[in-house]
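A.B. asks: Sharing a structure here in structure tokens format.
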Amino acid sequence: MKPHNQCVKPNTVSEDMQTLNTPLKRTTVAVWLFTQLLATGSAHADERESLEQLRATTTNLIELLVQEGVLSKQKADTLLQKAAADAKASQQASQQAELHDDVKNEVNKAMDEKTVRVQYIPQHVKQAMREEIEHDVMEKLNYKAGERLGVPEWIDRISFHGDIRLRGQADEFPGDNDDFVTLNNDLRRSMNLENSSEERRRARIRARLAADMRINDWLTGGLQLVTGVQNTPVTPNQTEGIAQGKYQFTLDRAFLQAKPAEWATVTGGRFANPFMYTDMLWDPDLAFDGFTATFTPKINDRLTSFTTVGAFPIEEVESSSVNKARDKWLYSLQTGIKWTAPNKSSVKVAAAYHDFKNVEGQLNTVGLNDYSGTAPEWRQRGNNTFDINANNLGTPGQGSIIGLASKFELINLMAQVDLMNFDPVHVTFTGDYVRNIGFDQNEVLQRTGNLYKKENEGYNVRIDVGNNSFLGPYVQNVNAHEWQVSLGYKYLEADAVMDGFTDSNFRLGGTNAKGWYMYANYAVDKNAWISARYMSADSISGPLDPITGSSQQQNFSVDVLLIDLNARF
């Protein structure tokens with residue numbers, strides 16, 4: 001017999017079995033071989049052939065011991081079952097180790113692809129790279145895990161996101177404001193107000209829940225539910241109050257977006273504003289219905305052009321022999337260019353043309369309501385107006401119907417300079433100018449019978465300093481302690497734009513307003529931030545006196561303070 005401390009090699013086991021003449025020796029060798037069998041689960045591929053010989057030899061030995069009466073049949077079966085179970089567990093552990101190596105290799109590969117060698121990487125860039133890499137790796141691993149676990153493949157093609165905003169709002173009115181009844185009753189510029197003198201405090205809430213869908217390589221889609229009253233397209237705010245019952249949560253986005261080329265997208269349905277804009281023209285919460293196409297061909301490494309065209313229904317009118325109003329549409333074109341400097345500073349300029357069709361009012365024929373449908377379904381305040389039903393006011397059952405005096409055909413010029421000299425802090429200057437070339441004093445006089453002053457221009461200037469995470473109506477990823485402050489001045493004459501679609505907070509919405517505004521944002525943690533906005537706005541002018549032709553004074557000023565707590569998920 002070999003010395004006790006010498007290992008028995010697999011190819012000598014058969015020879016040694018002939019020397020096992022005693023039960024004690026046979027038992028000792030069987031126990032040793034059994035321990036070797038348990039250790040074979042994690043062996044490498046080049047050892048497996050020898051290990052299979054060892055397993056066969058050990059099995060034969062155990063059977064021999066049973067025949068010799070050293071082991072019982074029950075104990076032998078138990079030993080073999082335990083050996084098989086331990087081998088299976090060891091194999092699973094080996095597979096897990098291989099999966100861990102696969103994940104590590106994927107991460108290293110992604111890091112190699114995403115890493116840019118620079119002398120210094122700002123923290124926010126590191127964070128963005130880390131999140132992008134994690135997303136890429138998890139996308140691949142989720143797909144593999146879905147195959148293993150039987151999870152439906154379509155789950156990986158849908159992602160959900162949303163936000164909640166809690167707001168405190170204070171509306172302050174100076175003592176010299178005109179009474180709101182007087183302001184409303186002047187049909188040449190009806191103000192559509194319910195209060196002009198009493199301070200107002202409100203707790204308000206906005207909640208949005210959206211789903212983004214990747215249908216295939218070239219087609220995506222989206223849905224969004226939002227709070228807010230249904231008769232306004234410009235604000236999703238819901239005023240809080242126990243007595244009013246349940247909040248409304250309605251569909252605000254539903255669209256499909258095709259990408260036939262890397263530089264082209266086509267979108268249809270109800271979707272977010274597709275243009276470069278400020279809230280002078282469009283409220284940030286305004287949704288666009290219809291179809292739009294955007295083209296962004298790259299000129300070179302520094303220059304990129306962008307062009308957006310669209311057709312958007314505003315209000316469908318069922319025309320007939322007794323209803324001569326026509327469908328109201330918006331046709332738009334915007335084109336621009338963006339230049340990016342080596343340090344990521346940029347200059348962006350754009351020019352746009354927006355043509356509103358059939359939005360101006362028409363006088364009803366005497367005794368008929370044939371043009372009542374030309375009245376706007378939604379408006380705020382500020383545009384010059386007139387009574388569409390003026391010819392029928394003496395008829396029983398007939399009342400005033402407010403229509404818009406001017407046509408609206410807008411030329412919009414916009415420029416934005418974003419300086420990255422203090423990265424990650426942005427210094428951004430924005431300028432916006434609009435003129436309504438659709439206003440024609442003589443045409444308006446002939447159509448309405450009223451004389452209106454030409455007030456068809458507006459401008460908005462603004463500076464933002466801080467992290468650009470807070471810009472835009474949909475704040476994306478915000479990191480703790482990011483901040484931004486803004487200061488701006490807005491001047492918007494009565495018929496510069498349609499008052500129904502401009503910012504709903506500045507002077508409580510509408511046109512014929514001028515004043516300063518200040519914003520501030522601070523992230524208390526990741527995707528949680530507080531914001532404050534203060535806007536002080538006054539009226540620019542009043543309607544013309546029908547006798548003297550001079551502009552009358554119309555006093556309506558508002559200071560609005562908004563304090564928000566925002567959370568994104």
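A.B. asks: So if we plug the beta-carbon distance of residue 216 and residue 181 into 1/(1 + (r/R0)^6) with R0 = 51 Å, what FRET efficiency do we get, rounded to 0.05?
C.D. replies: Calculated value: 0.30.
A.B. asks: So, R0 is 30 Å and r is the distance between the beta-carbons of residue 485 and residue 553; what FRET efficiency does that work out to, to 0.05?
C.D. replies: Once the sixth-power term is evaluated, E becomes 0.30.
A.B. asks: Between residue 351 and residue 264, 0.36 nm times their residue separation minus their Cα-Cα distance comes to what?
C.D. replies: 29.4 nm
A.B. asks: On to the next question. Can you put 59, 78 in order of accessible area, largest first, using a 1.4 Å probe?
C.D. replies: The most accessible residue leads, giving 78, 59.
A.B. asks: How many angstrom separate the Cα center of region 170-249 from the Cα center of region 379-416?
C.D. replies: Each part reduced to its Cα centre gives a spacing of 21 Å.
A.B. asks: If I ignore ligands, DNA and RNA and count only protein heavy atoms, how much of residue 524 is accessible to a 1.4 Å probe, in Å² to the nearest 10?
C.D. replies: Roughly 70 Å² of residue 524 is accessible to a 1.4 Å probe.
A.B. asks: Between residue 195 and residue 530, what FRET efficiency follows from the Cβ-Cβ distance if R0 is 22 Å, with the result rounded to 0.05?
C.D. replies: The calculated FRET efficiency here is 0.20.
A.B. asks: Within region 236-311, report the trypsin sites (Lys or Arg not before Pro) that DSSP leaves as loop and that have at most 13 other Cβ atoms within 10 Å.
C.D. replies: The qualifying sites are 246, 302.
A.B. asks: Of the cross-linked pairs 259/338; 126/344; 490/526; 328/407; 126/338, which ones have a Cα-Cα span greater than 23 Å in the structure shown?
C.D. replies: 490/526; 126/338
A.B. asks: Which order do 363, 410 take by accessible area at a 1.4 Å probe, largest first?
C.D. replies: 363, 410
A.B. asks: Karplus couplings for region 561-568 from phi (6.51 cos²θ - 1.76 cosθ + 1.60, θ = phi - 60°), rounded to Hz, Gly and Pro as x?
C.D. replies: 10, 10, 10, 10, 10, 10, 9, 10
A.B. asks: What does the charge count near residue 460 come to, summing +1 for each Lys or Arg and -1 for each Asp or Glu among other residues with Cβ under 14 Å from its Cβ?
C.D. replies: Spelling it out: positives minus negatives among the neighbours equals -2.
A.B. asks: What do you get for trypsin sites (Lys or Arg not before Pro) in region 477-561 restricted to DSSP loop and a cutoff of at most 14 other Cβ within 10 Å of the site's Cβ?
C.D. replies: 526
A.B. asks: Loop-only GluC sites (Glu not before Pro) in region 332-434, please: DSSP not H, G, I, E or B, and at most 16 other Cβ atoms within 10 Å.
C.D. replies: Here the GluC sites (Glu not before Pro) that fit, given the DSSP loop and packing criteria, are 377.
A.B. asks: Report the local net charge at residue 515: Lys and Arg +1, Asp and Glu -1, summed over other residues whose C-beta lies under 11 Å from its C-beta.
C.D. replies: So the surrounding residues net to +1.
The values are calculated or read from the model by the stated rules, or taken from the named source; none is laboratory data. What you are looking at is a predicted structure, and each value in this text was computed from that prediction instead of being measured. Positions of Cβ are generated from backbone atoms using ideal geometry, with glycine treated the same way; all protein chains shown enter the neighbour counts. The protein model used for the area step is the full one, side chains on, heavy atoms only, and it has no ligands, DNA or RNA in it. Shrake-Rupley method; radii C 1.70, N 1.55, O 1.52, S 1.80 Å.
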